[in-house]
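Down below is the structure, laid out as C-alpha cells.
The values are calculated or read from the model by the stated rules, or taken from the named source; none is laboratory data. These figures come from a predicted structure and were not determined experimentally. Neighbour counts are summed over all protein chains in view; Cβ atoms, including those assigned to glycine, are modelled from backbone coordinates with ideal geometry. All accessible areas refer to the heavy atoms of the entire protein, side chains included, with ligands and DNA or RNA removed. Shrake-Rupley method; radii C 1.70, N 1.55, O 1.52, S 1.80 Å.
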Amino acid sequence: MTLAGKRILLILSGGIAAYKGLDLIRRLRERGASVRPVMTAGAQQFVTPLAVGALAASHVYTDLFSREDEQDVGHIRLARDCDLVLIAPATADLMAKMATGLADDLASAVLLATDRPVLAAPAMNPRMWSNPATRRNHLTLSGDGIRFVGPMRGEMAESGEAGEGRMAEPMEIVAAVEALLAGPSARPLAGRHAIVTSGPTHEPIDPVRYIANRSSGKQGHAIAAALAGLGARVTLVSGPVTIADPPGVAVVRVERAVEMRDAVLAALPADIAVMVAAVADWRVADMAGGKIKKRPGETPPPLALTENPDILKTVGHHPERPRLVIGFAAETDDVVANGRAKLERKGADYIVANDVSPETGIMGGDRTEVTVIGRNGEEHWPAMGKDEMARRLAGLVAGVFDGT
Ligand code: CTP
C-alpha cells in the first residue's frame, strides 16, 4: 500500500488515452490511494462518468457551474483537498490552457486554483506534441513546476502513426506518482535547478552538410532523468538525438554549439550544471549560404574551421556559476591526467572521465566505466549501465547538497 491515505485528484481530458485512465484509477486504488475524478467535456466523449465514478467509487466532477457540485465541495476546495493533482491524459489543449492560465471549465479552473503538486501525463498525436506551440507550453509548464511523465514513443491508437505522443502506461504513471509523493528523503534535490547538456552538436558546412560526432545522448539523458528522479527541476539542453525525452524534464533542442551555449546561459540561474554533451570543438568558419557544388577538374574545397565556445568553461567561470559544475572528459589516452587538467582549465568541481577508445564501446553503447575526478581526489567506478551510472552521479550531487 505505497499510496495508503493519499488523496489524488485525477483530471481526465479528452483523448482516446482516457480509456487507460480507467486502469490507472484501479492501480492507484489498489495501492491505497483515494481518487476523486474530474472530467472535461472532451473526456466524456471517450469514457463515461458512470464508468469512471464506479471504478473510483467517487462522485465525478464535470461542471464548473453545477450548483450541486459547487455546494458539495466547490472548485477551490476540490483543487486543494488532495495531495496531488494528476492529469491523465493531458491533451495539447489543456496544456495550452494551463500555460496561459485560462480557466473556462472545471478542469482548467481547478488547475489554476490548486496549490498542490501537479503531475501531467500528456497524450496526443506526435505532430501535436512536436508542434512549436506545444514545445513552448511544455517548457513554460515545466518552469512553473508542473511535473511530466511521458509521453512515450509508439504507435498511436487512433491513427497508427508512430512517434512520440503516446500516454505513459498506467504503471509508469503510478511510479511517477509514488516518486512525487515520497517523503523529502526520497527527493533530496527538491527545489534545486539543474542544467544538463546532452548529445552531439551538428555544425553546418552548407545547408545540406554538417560535421557531427557519435554521441547518442544516452548518458546525458539518463543523468537528466536521475536528477529529476531525486526531485530537481531539470532543464535538458540536447543536441540532435534519436532517443526519447526523459520523463519529468524540460527539453530544449538545439543543433549547433553556439545555440547550445545560448540555451544554457538562458537557463541560468541554476544550482547544478552537468555538461555531458559532446560539443564540437570547431565549426566551419564561413558556412556556405548555398550547397557547395562539385565541379569537374576542381580541387576539393578546403574546410576552414574556427573554435566553438567552450560551454563548460563559460559556465565554470560565469558570474552566475552554479554551485556545482560537473564536466565530462572523453579521452583515449592518459584518461585521469587529462581529466584533471580539464577540471582546472574549465573551472569544474568534478570531471567524469571515460575512456572512449573504440574497443571500449562506450560511445553510443549502453554501458560505461568512469573515473570521477574531484578537487581532492578521484574514484574509479566499475563498468555499469549508463542508467546506473546516472543514478550514482545523481547520488553524488545529492550528497553535495545534503543538509544545506
Ligand atoms: N565542452 C563544452 N563545450 C565545448 C567543448 C566541450 O561544454 N565547446 C564540455 C563537454 O560537455 C565536456 C567537457 O567540456 O563536459 C570536456 O569535453 P572534451 O571535448 O573532452 O574536452 P576538450 O575541451 O575538447 O579538450 P580536448 O579536445 O583536449 O580533449
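How high is the relative contact order of the chain? Use alpha-carbon pairs under 8 Å, at least six apart in sequence, and give a whole percent.
About 11 percent, as a whole number.
Cα to Cα, under 17 Å, and not fewer than 8 places away if on the same chain: which aspartates and glutamates meet these conditions relative to LYS313?
GLU259, ASP262, ASP271, ASP281, GLU344, ASP349
Rounded, prolate or oblate, given the Cα gyration tensor of the range 304-404, with a/c below 1.5 counting as rounded? Intermediate values should be presented prior to the final figure.
Numbers: a/c = 1.74, a/b = 1.07, b/c = 1.63.
It is oblate, given that a/c is not under 1.5 and a/b is not larger than b/c.
Note down the accessible area of PHE46, probe 1.4 Å, to the nearest 10 Å².
100 Å²
When the gyration tensor of the chain is built from Cα positions, what are the square roots of 5 times its three eigenvalues, in whole Å, from largest to smallest?
Here the semi-axes work out to 43, 25, 18 Å.
What does the helix-only formula give at 222 nm for the chain: each DSSP H stretch with n ≥ 4 adding -39500 (n - 2.57), the total divided by the residues, and the result rounded to the nearest 500 deg cm²/dmol?
So the helix-based figure for the chain works out to -10000 deg cm²/dmol.
If I model a spin label at ARG214 and MET128 as a point 7 Å from the Cα along the Cα→Cβ vector, what separation in nanometres do I get?
Between ARG214 and MET128, the label points sit 4.1 nm apart.
Leaving ligands, DNA and RNA out of it, work out the accessible area of MET384 with a 1.4 Å probe and give it in Å² to the nearest 10.
Around 10 Å² of this residue is reachable by solvent.
Sort TYR350, TYR61, TYR19 from largest to smallest accessible area, using a 1.4 Å probe on the heavy atoms of the protein chains.
TYR19, TYR350, TYR61
Sum up the charges of everything whose Cβ sits under 15 Å from the Cβ of PRO309, counting Lys and Arg as +1 and Asp and Glu as -1, but leave PRO309 out.
Combined, the nearby Lys, Arg, Asp and Glu give -1.
Counting only protein heavy atoms, what percent of the accessible surface of the chain is carbon or sulfur at a 1.4 Å probe?
Solvent-exposed carbon and sulfur of the chain make up 52 percent of the total.
Over the range 1-147, what is the mean sequence separation of C-alpha contacts under 8 Å (at least six apart), divided by residue count, expressed as relative contact order in percent?
Computed value for the range 1-147: 25 percent relative contact order.
Are there any helices in the chain, counted as whole DSSP H runs, that stretch 20 Å or more along their axis by Cα and score at least -0.5 on average by Kyte-Doolittle, and if so which?
In the chain, the long hydrophobic H runs are 386-401.
Once each part is reduced to its C-alpha centroid, what is the distance from the range 160-216 to the range 58-105 in angstrom?
Going from one Cα centre to the other spans 28 Å.
Give the dimensionless ratio obtained when the Cα radius of gyration of the range 189-279 is divided by 2.2 N^0.38 Å. Write out the running numbers ahead of the final one.
Numbers: Rg = 12.9 Å, N = 91, 2.2 N^0.38 = 12.2 Å.
The range 189-279 yields a ratio of 1.05.
Provide the net charge surrounding ARG27, with neighbours chosen by a C-beta distance below 14 Å and charges set as Lys +1, Arg +1, Asp -1, Glu -1.
0
For the range 136-206, what is the accessible area per residue in Å² when the probe is 1.4 Å? Mind dumping the intermediate values first?
Working: 2760 Å² over 71 residues.
Accessible area per residue, the range 136-206: 39 Å².
Under 1.5 on a/c is rounded, so check that first for the range 29-147, then, if it is not, pick prolate when a/b is larger than b/c and oblate when it is not; a ≥ b ≥ c are the square roots of the alpha carbon gyration tensor eigenvalues. Display every interim value, and only then the final one.
Details: a/c = 1.64, a/b = 1.49, b/c = 1.10.
Taking the square roots of the gyration eigenvalues as a ≥ b ≥ c, the range 29-147 is prolate.
Considering only the other residues whose Cβ falls under 12 Å of the Cβ of ALA121, what net charge follows from Lys and Arg at +1 and Asp and Glu at -1?
Residues near ALA121 contribute +1 overall.
On average, how much area does the Cα convex hull of the range 123-179 cover when viewed from any direction, in nm²?
Taking the Cα atoms of the range 123-179, their convex hull projects to 4.1 nm² on average.
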